[in-house]
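**Student:** Pasting a structure here, questions to come.
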Amino acid sequence: NGAICIQPCSPSFHGETSFVCEDRKWQMLSDACASLDVRSLFQVRKLFCTDFGLCQADFSCIISDILSAPAIPGNIADIVELLTKISLLLSKNVTRGKMQSYSRIANHILNSSIISNWAFVKDRNAGSVLLDSVNSFAGNLLLRNGSESIQEPFIATKGYSIHRNTSGKSFDFSMEFNSTGNITGHVLIPEEELLRLPRASKAISVAFPTLGAILETNQLDPAFVNGMVLSVSLPEELQSILLTFEKLNKLEQVGAQCVGWHSAERRWDPRACVVRAHNVSTVVCACAHRRRTYRSFSILMAPAAPRSSLLDYLTRVGLGLSICSLVLCLVIEAVVWHHVTKTEITYMRHFCLVNIAASLLVADVLFILAAIVHNSALNYQLCVAATFFLHFFYLALFFWMFALGLLILYGLLLIFFKITRSVFLAAAFCIGYGCPLVISILTVAITEPKNGYLRSEACWLNWYETKALLAFIVPALSIIVVNLIVVVVVVVKTGRSSVGDGCKSQDLSSMIRVSKNVALLTPLLGLTWGFGLATIIDSRSLAFHVVFALLNAFQGFFILLFGTLLDRK
């Protein structure tokens, strides 16, 4: 009956070199042995021969094994390959049972909770391969009584019989996108298109609410898929369809772009569609259907944060200047170290300053390396390592700023309480490096087993699934608040030191001293990172992003300027 058995790739596989099932003649597929490992081969064997008997016609015998396996990058790649083999070998006469089993397998690797794992699948085209496989398999779905509907949480398939006298046929989908709500999509075949049909036929549509996050945009201007992916399988005679997409992120005053997935070039192509209507929540697209080129469609949306060449320029120039400034700062400190650290207070101050500069220098370099790692062929372990050390050194930067703030309070308030250099060094290292190390280790230990340490779009802490980014935000904002209090204490203390002197010149001198203290503390203690809150409150404001980029990217230069160059010693 056209069933298939696969010859084992290795004699060590249960000691066999070949096997047959129920005395039938089997076709040997040598290419499968070259592409599948022993475990996958065992699964394929189960697919066709369970206990040396034929598997059920809907191959449900392998579903329990697949659904029980965690959707980690390696398993995702194996499942995509298995679905591809099934679509090639078993796509003839796809019954409802077959489509249900196929959809359950695909749903396992399209779950919104594991989408970030796709970023670390070695084959960057795995999402496109999955899309083509599902479209090919679903296109052969047999319709019972003129219609069929098969729904899983993250993949849905519908089919209808159509003919020239049909008064317009539509497909409506409402599907779960994540734990917070559903997303809808609508496919309409216009009545004038149906008049082209020479005979009765069928129309199949498949909806994917999460697949858009997997398919790369490959656009010069960064954009993201902002709706479900809708695939349509129609007769050759039908060449135009209308699709309505509900936006995932309903952003105001941001343009939408209707696109079709070019299956040969594996990219979103804006030439496939035009925008018919666009409002805050939905986009209507008129798209050209080509069975060999355009069968899947969606909408692209610009990111919420403004993308500007000015921001890119400020980031690159600022990071370059910061790295050079920090290196120069460390060199100057090394040269003049013995001349500027003769007292305990000056020693402690410069010791904190050197560790602040060193932490920020390493963090800036790691920031660049993490971007390079993410933009190249992704290596999961390398990305995890880059994120861990980036997290650690940015936290170290803040905690050394915290240590410097405590040192300033010690110098201003605890005048008669003296601490030895060894006690200070022990306490400073515990605060500056010990606390960040504990937080970084706990973060990766808690979130990585759940595959929730990294985000999909960058080598950085996850936010949407596990909120791992809180392990950076909470300590950083807490230290910013504490150092704001330090600034207030410095202003009050320096202001009181000149109270009672009535001379205007003394008042002016006091104001200058206060201004110098504030100007020195603000960049050194990281208060400028507080502008990040403004970018969260109004993420579409270019002005907030420019100020944030300026103050942070040039922070290394500020440390050189205020901490070293403007120091009279």
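Only the coordinates and a few stated rules stand behind these numbers; no lab work does. Note that the coordinates shown come from a computational prediction; the quantities given were computed from them, not determined experimentally. Virtual Cβ from ideal backbone geometry, glycine too; neighbours counted across all protein chains shown.
**Student:** Within region 438-455, find all residues whose amide N lies under 17 Å from a label point positioned 7 Å from the Cα of residue 474 along Cα-to-beta-carbon.
**Tutor:** The answer is 438-448, 453.
**Student:** Working out 0.36 nm times the residue gap between residue 384 and residue 340, then minus their Cα-Cα distance, what length gain in nm do you get to one decimal?
**Tutor:** Taking 0.36 nm per residue and subtracting the Cα distance, the gain is 11.8 nm.
**Student:** Roughly how many nanometres apart are two label points built 7 Å out from the Cα toward the Cβ at residue 275 and residue 125?
**Tutor:** So the label points at residue 275 and residue 125 sit 3.1 nm apart.
**Student:** Sort the following peptides by mean Cβ neighbour count (other Cβ atoms within 10 Å, averaged over residues), highest first: 113-120, 341-348.
**Tutor:** In decreasing order of mean packing, 113-120, 341-348 become 113-120, 341-348.
**Student:** Which entries in 98/250; 342/493; 158/467; 158/247; 202/250; 158/450 show an alpha-carbon gap greater than 27 Å?
**Tutor:** 98/250; 158/467; 202/250; 158/450
**Student:** Residue 491 label point, 7 Å along Cα→Cβ, cut-off 17 Å on backbone N: hits in region 396-411?
**Tutor:** Within reach of a label on residue 491: 409.
**Student:** Quick one: which of 203-209, 259-265, 282-288, 365-371 comes out on top by average Cβ neighbours within 10 Å, and what's the full order, highest first?
**Tutor:** Top of the packing list down: 203-209, 282-288, 259-265, 365-371.
**Student:** Using only C-alpha atoms and all pairs of different ones, pull out the Kirkwood radius for region 321-403 in Å with one decimal.
**Tutor:** That comes to 14.1 Å for region 321-403.
**Student:** May I pose another question? Computed FRET efficiency, Cβ-Cβ of residue 550 and residue 240, R0 56 Å: what is it to the nearest 0.05?
**Tutor:** It comes to 0.70.
**Student:** With label points built 7 Å along Cα→Cβ from the Cα atoms of residue 191 and residue 64, find their separation and express it in nm.
**Tutor:** Inter-label distance under the simple model: 5.2 nm.
**Student:** State the extension gain, in nm to one decimal, for the chain segment bounded by residue 96 and residue 317, taking 0.36 nm per residue of separation less the distance between their alpha-carbons.
**Tutor:** 73.7 nm
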